Amino acid sequence: MGDLPKILHVEDDPDIREIALMALEIVGGLEVAQCASGAEALERAATEAPDLLLLDVMMPGMSGDETLAALRRLDQFAETPAIFMTAKAQQSEVERLRQIGARDVITKPFDPMTLADEILAIWRRC
Amino acid sequence: MNNVSENFLDALLRPELPGGNWLAVTLLVGGLLVVLLRALLKLRRQRRMLDLQENELALQRTASDMHSMVSISNAAGAITYVNDNLLRTTGFDAAELLGRTARSVLLAERDNNPDAVGEVLRRGQVWSGESKLNHRRGGYLWTRTTIVPLLDRKGRLHKAITVRTDITESKLRQEEGPLRAMFDRLQDEVFVFSADTLRLRYLNKRARQRYGWNEGEFFDRPLADTDFDFNEAEFRERLAPMASGETEALIYDTLICGRPVEVNLQFETSILGERRFIAVVRDITRRREIEAARAAFVATVTHELRAPLTSIKGAMKLVASGATGEIPPKPGQMIDLALRNVDRLIVLINDLLDLEKLDNAQTEIRRDPVDLSELVNDAIAHNMGYAQEFGVRFRAEPGAPKQLPVTGDRDRLMQVLTNLMSNAAKFSETGGAVDVGLADMGTIARITVTDHGIGIPLEAQARLFERFVQADTPEHKKRTGTGLGLSIVKTIVERHGGRVGFVSTPGRGTTFQIDLPKNTEELSRAA
């Protein structure tokens, strides 16, 4: 694994995608590929070859849970670290997401100035 | 006739008649004998009457023995006879009653005024009235009482025969009838049961209908017959604080025969002295549905609010940081102002979501071992941001135990400390100190958070833990929060089976005190 991971960010809200893109690329200097849905992520995942998955939980169509499960079925993503972003900050929700394979959970609203550092800290723990 | 007799006597006693003196003496002696005989006959007649009276009373007593409680007392009031019926009904042994006055053992209430009763009996009159008797095993019974005095020749009270009839049932009906009629009109189910035996004493119409029992069918049935999931040990544990007088009433939600109900329990002592509970059971199926809908609504709204807030805050933060290019000072100030308010909105939404979760009895409070000593130290470190923001120092009070384990939800307890400490910092003067204390009080662990700031105005103190209540002074408004923080503290502490309180002196500061049970049973009950 390199020092700075390439991130695949899946988020249905275009505004949040925009903020996250700035936070990760401009503030954090990370390489990011973005998808608006789980289906799109499945299509592009192979070509993008990300080191880290950053997934929104509540999305229309495929939820974050379903997207991760579908990606895990692909050999190259069976072990790829995944971080969920959720507006539900309860401990029970965080635990549930950890149980289905999340390395960690970032709660919304996130701070764009620290988002990249937070993700890197989780990445380095992997 | 009298005149004739006197003339005849005079004639007889006239001395000029020969042999008249002997005749006179004989007649005199004979007359005396007649008088004596008459006196003796009268005496005998009186004795026979007394015997007859006693026999008659004895007969009456025998007859009464069959159906009533009978006792006989002597002139001093000491009981000399008690029948089996009296012993059976009151539970006393003969030895416990004989030789003692009814007043000292049997009579429960002095409202009969035994002195007045004695007065009536001494006059030879029969006394009749109601009396409340002690039961040997505790409690009372009501009797209809008739006391018949027996006077001697000189008209002095010789004996008193007391005949009592048990009227407890009719007394109960008379006393509780109107109440029961009212209970029968309720849509809720009402159960009255003995606190000691947990056996049913009364069911209102609605409850009788549910179980298909008639008036006479429920009395003395075990309470467990009303619910197939009834756990007596658990139930008694729940009742314990009420039976011991610690609390007067208890309201809790549970399932009875699988349906959700709210139980409102009151403790009382019946007119018979029986300790019993009145449980008003309300079906809350509909309420639960509404609560679930409300929870879903709040969860959705909260999520929908958070999504745009993420964008607003993110965008402004990026602009404010200069990541999108340099911004002039004035627009920068405006963006900072907007950001502060976005943060307030986020805290408010988080607090609302928290309360919604905590209010929901289905939300579990974790029961992990938590060392409060470690928690307090972590809270001081964790909340340094607030200390810096408000220019105060957080200090651990000396003398705290090195370890103080409780059972609870560490994250929630940390939230309690964070809310109290951030409040304390907010209401302290710059340069002031906030002291966080911990003490082992035996069965409870006590955490205190003390500030030396502006204190809480008296008019705000009574409603401090209510939602959205904040002190209405310019000093307080300047430092306002969401008005939910203390409500969250109270809810979390209570769900741990604990209590929260405070002491505040305006102008001198406030101490908040959290008492948490050290044993896990309290937590189980609360959760």
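The values are calculated or read from the model by the stated rules, or taken from the named source; none is laboratory data. For clarity, every value in this text was computed on a predicted model and none was experimentally measured. Positions of Cβ are generated from backbone atoms using ideal geometry, with glycine treated the same way; all protein chains shown enter the neighbour counts.
So which of B:LEU458, B:LEU404, B:LEU464 ends up being within 32 Å of the chain's Cα centre (by Cα), more than 16 Å from B:VAL493 (Cα to Cα) and either touching a residue at least 24 places away in the same chain (Cβ under 8 Å) or surrounded by fewer than 20 Cβ atoms within 10 Å (Cβ to Cβ) (or both)?
B:LEU458
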Checked A:GLU18, A:GLU93, A:GLU43 against criteria (crowded, with 16+ Cβ neighbours inside 10 Å and out of contact with any helix residue (DSSP H, G or I) (no Cβ under 9 Å at 6 or more places or on another chain)); the one match is A:GLU93
The condition from (1) part of a helix (DSSP H, G or I); (2) of a type outside the set (Asp, Glu); (3) within 14 Å of another protein chain (Cβ to nearest Cβ); (4) under 45 Å from the mean Cα position of the chain (by Cα) that B:ARG366 misses is numbered (1)
When the range B:326-361 is checked residue by residue, the ones that are within 11 Å of chain A (Cβ to nearest Cβ) and free of Cβ contacts under 8 Å to residues at least 24 places away in the same chain are B:ASN350, B:LYS357
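Residue-by-condition table, conditions (1) buried (at least 17 other Cβ atoms within 10 Å of the Cβ); (2) within 30 Å of B:ARG236 (Cα to Cα); (3) at pLDDT 90 or above; (4) of a type outside the set (A, V, I, L, M, F, W, C):
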site	(1), (2), (3), (4)
B:GLU268	no, yes, no, yes
B:LEU272	yes, yes, no, no
B:VAL281	yes, yes, yes, no
B:THR285	no, yes, yes, yes
B:ILE290	no, no, no, no
B:ARG294	no, no, no, yes
B:VAL301	no, no, no, no
B:THR310	yes, no, no, yes
B:GLY322	no, no, no, yes
Restricting the range A:92-114 to residues that are acidic (Asp, Glu) and free of Cβ contacts under 8 Å to residues at least 12 places away in the same chain, the one farthest from the other protein chains (Cβ to nearest Cβ) turns out to be A:GLU95
Checked the range A:12-24 for anything out of contact with any Leu (no Cβ under 7 Å at 6 or more places or on another chain) and more than 10 Å from every other protein chain (Cβ to nearest Cβ); matches are A:LEU21
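State all residues of the range B:252-288 that are assigned to a strand (DSSP E or B) and among the acidic types (Asp, Glu); if no residue qualifies, say none. Give the steps one after another, and end with the answer.
At the first step, the residues of the range B:252-288 found to be assigned to a strand (DSSP E or B) are B:252-256, B:259-269, B:275-283.
B:ASP253, B:GLU262, B:GLU268, B:ASP283 - these are the residues of the range B:252-288 that are assigned to a strand (DSSP E or B) and among the acidic types (Asp, Glu).
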Within the range B:78-134, residues modelled with pLDDT under 90, over 24 Å from B:LYS171 (Cα atoms) and either part of a strand (DSSP E or B) or β-branched (Val, Ile, Thr) (or both) come out as B:VAL120
> Would the range B:231-254 turn up any residue that is over 23 Å from the mean Cα position of the chain (by Cα) and surrounded by fewer than 12 Cβ atoms within 10 Å (Cβ to Cβ)?
Replying inline: no
Residues of the range B:417-439 being out of contact with any Phe, Trp or Tyr (no Cβ under 9 Å at 6 or more places or on another chain), modelled with pLDDT under 95 and closer than 22 Å to B:ARG499 by Cα, in sequence order, are B:ASN419
